[in-house]
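Inspection log for the structure reproduced underneath, given as structure tokens.
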Amino acid sequence: MRRRTARLALATVLLLSACSADGDSEGGGGGGSSTTETSGGSDPSTTTTSEPDADPDQALVDAVDATLAIEAFRVESDAQLQVVAQRFRLTSSGYVDYDALVADIEIGVEGEDQDANIGLLADGTNLWVRAEGTTGVEIPDGKTWVQGEASLLEGSDSFAPEDLIGVVLALRAAEGSEAGDTEEIDGVETTHYTTTVDYQDAVEAAGDDAEAFQSALSLTSDDPVALDLEVWVGDDGVIRRFQLEVDAGEAPLGGTYEVELSGIGEELEAPEAPDAGDVVSGPEAEEILDQLISS
């Protein structure tokens, strides 16, 4: 059975405040995201023309399940959203192995009144969390990291792949998708797909994972909001690159979201522990972690 790491409650709060959007008023409280640019996506690649055998819509639906089922991967994402005159940005970078409880993840949020960064390290036994900027959490002067047991990450099923890369759930609403060229990404041959889905249709198609999808991309508008999607799916059925653009018509709402995955299923090296002099541990750390990690 998959072990699922717990949600960083603080990071989730940041996502909710930064990335939810109301197309007819100010940004509300949804959760993480919009535009994205990933450095890995700009690497040179080889392109050829190939028509896959599978139905394009079904291939994308199947790719969602295959991608969310992987236990270990590296991720780079950059989400940007504009609501009226306000701009928000959410980034994530690092790697995670859900089975081994190994992770090195950074989540950043930039906005009108926010500039925060959350870091998580786990080596299978120990967990360290850093919260900097406008996080609402105070760590004692002279310290940066809070230490606990990595098993804390097993106490919840909400920091699963669905929460880290849940935006890909939009593909469950794929209809009229088109398959294009093949392209090598991270040493894997991928097929390029394009499709457009209605945001509300994507929420409904997410099914039991609708909450995770809305936490990844929460949009509110009286008018229909289209999501223009480009996806590169590997020959193993796993998504390697995902690009989304919000098309809200005349509504003052827009943005993009890009995710790049690599190192699929590889054994990931446990990160080094922070310097002991920079770490809070013991009862004081437990109290802080209670604020940061929810079950």
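Spin-label pair Ala226-Ala273: with each label point 7 Å from Cα along the Cα-Cβ axis, the two points sit 5.5 nm from one another. By accessible area, using a 1.4 Å probe on protein heavy atoms only, segment 196-295 has 38% of its surface on carbon and sulfur.
Skip the ligands, DNA and RNA, and give the accessible area per residue of segment 60-106 with a 1.4 Å probe, whole Å².
On a per-residue basis, segment 60-106 sits at 35 Å².
Separation of segment 83-125 and segment 159-205, taken as the distance between their Cα centroids, equals 22 angstrom.
Within the full protein context, the accessible area of Arg172 is estimated at about 60 Å² for a probe radius of 1.4 Å.
The values are calculated or read from the model by the stated rules, or taken from the named source; none is laboratory data. All values derive from a computational prediction rather than experimental measurement. Every residue, glycine among them, receives a Cβ derived from its backbone with ideal geometry; neighbour counts consider all protein chains shown. Calculation scope for accessible area: heavy atoms of the full protein, side chains included, ligands and nucleic acids excluded. Shrake-Rupley method; radii C 1.70, N 1.55, O 1.52, S 1.80 Å.
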